[in-house]
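The values are calculated or read from the model by the stated rules, or taken from the named source; none is laboratory data. Because the structure is a prediction, the values reported are computed rather than measured. Cβ: placed from backbone, ideal geometry, glycine included. Neighbour counts: every protein chain shown. Surface areas here come from the heavy atoms of the whole protein model, side chains and all, with no ligands, DNA or RNA. Shrake-Rupley method; radii C 1.70, N 1.55, O 1.52, S 1.80 Å.
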Amino acid sequence: MTKCASCLNEARDLAQCSVCLKCFDFACGGITESGYRKLGDRKAAWKCPNCKNSSNLKQAPTPPLSVLEEKLSTVENKHKDAEDVDRRILILEDLIKQKDQNDRLNNAEFKGVLIKDSENLFEIVSKLGSSINLKNLKSELDLKKL
Ligand SMILES: [Zn+2]
Ligand SMILES: [Zn+2]
């Protein structure tokens, strides 16, 4: 006969905890006798209620609520930041489109005109200008021969 480590009652059969190695009767071990017998090989890994609780605590520590709230607000902030960036990208894209169009305001594109090796673009533009009464067309234009 051995004594239960918890209630100190003598018991015929006891369950031994694999962690603290104390022996408990089934009532104090939180397990039924038949339940303990069914464990078979797993008896060697059986834990008394105390050890079960403390190992659970170690395995899955529940962070305090304040920590969770902090994490949550960090996630929310990141989300907001991402939305902000999205918005800024849209605004930038708009600005780029506008700038692109502004840049082309001064562009005049002539298509279907044959290019001769000896031609002088400035001369052509001057002639064009004078024919539509723009004498200084040449100086007003930013010429790029493509
Ligand atoms: Zn007991
Ligand atoms: Zn134990």
Any residue on another chain or 5+ positions along whose placed amide H is under 5 Å from the amide H of CYS20 is listed here as CYS48
Residues whose modelled amide H sits under 5 Å from the amide H of ALA5, counting only those 5 or more places away in sequence or on another chain, are CYS23, PHE24, ASP25
Given axes a ≥ b ≥ c from the Cα gyration tensor, I'd like to know whether the stretch 2-59 is rounded (a/c under 1.5), prolate (a/b larger than b/c) or oblate.
oblate
With DNA, RNA and ligands ignored, accessible area of LEU90 (1.4 Å probe; Å², nearest 10):
110
For the pair SER130 and ASN107, what calculated FRET efficiency results from E = 1/(1 + (r/R0)^6), where r is the Cβ-Cβ distance and R0 = 25 Å, to the nearest 0.05?
0.75
The stretch 1-35-the stretch 69-122 distance, computed between alpha-carbon centres (Å):
77
Heads up, I need the accessible area for GLU123: 1.4 angstrom probe, whole protein in place, Å², nearest 10.
100
